[in-house]
Amino acid sequence: MLTDAEERLVEGVLEVGEVIERDTFEFMIEEGLPAEELRVLGGDGTAEAAIEGLESRGLVTTERIEETVRDSSSIDDSLAIPGTEFERVERRYVRFTEELEAEFRE
């Protein structure tokens, strides 16, 4: 059984996912999204507690991935690549599990 915040998090991802031409659960199982991009609708804006609750029950997985992105922050927040407008950042990605899909669709 999902908590209210967990359910709102999943619903928010599914709602946004309607714009992609792919099953949202499939996308979230295979690719996931950065944790900092996720929000709990109608909540305080942070999804961290919901993510941790889901992860503790094996309904989502998280993984830290280093990526190159366009620099939009200060040098203190990232490792800027000299001579470019890009930086290396580490993001925590959240992926849904098939168990979450099964539980949510019940």
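The values are calculated or read from the model by the stated rules, or taken from the named source; none is laboratory data. Remember, it's a predicted structure, so these values are computed and weren't measured experimentally. FYI the Cβ positions are ideal-geometry reconstructions off the backbone, even for glycines, and counts take in every protein chain you see. Remember, those area values only see protein heavy atoms, side chains included, never the ligands or the DNA or RNA. Shrake-Rupley method; radii C 1.70, N 1.55, O 1.52, S 1.80 Å.
Key figures
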| item | result |
| --- | --- |
| Segment 70-106 - residue that is at pLDDT 85 or above and among the basic types (Lys, Arg) and, of those, farthest from residue 26 (Cα to Cα) | 91 |
| Pair list, Cβ under 8 Å, 6 or more apart: segment 21-34 residue open to solvent by 20 Å² or more (accessible area, probe 1.4 Å), other residue assigned to a helix (DSSP H, G or I) | 27/17; 29/98; 29/101; 33/13 |
| Selection within segment 17-46 - closer than 20 Å to residue 67 by Cβ and β-branched (Val, Ile, Thr) | 20, 29 |
| Filter result for the condition that a residue is closer than 18 Å to residue 101 by Cβ and at pLDDT 85 or above, over 67, 15 | 15 |
| Extreme residue, surrounded by the most Cβ atoms within 10 Å (Cβ to Cβ), among residues of segment 86-106 that are over 15 Å from residue 53 (Cα atoms) and out of contact with any strand residue (DSSP E or B) (no Cβ under 8 Å at 6 or more places or on another chain) | 101 |
| Lone qualifier among 40, 60 - being at pLDDT 95 or above and surrounded by 15 or more Cβ atoms within 10 Å (Cβ to Cβ) | 60 |
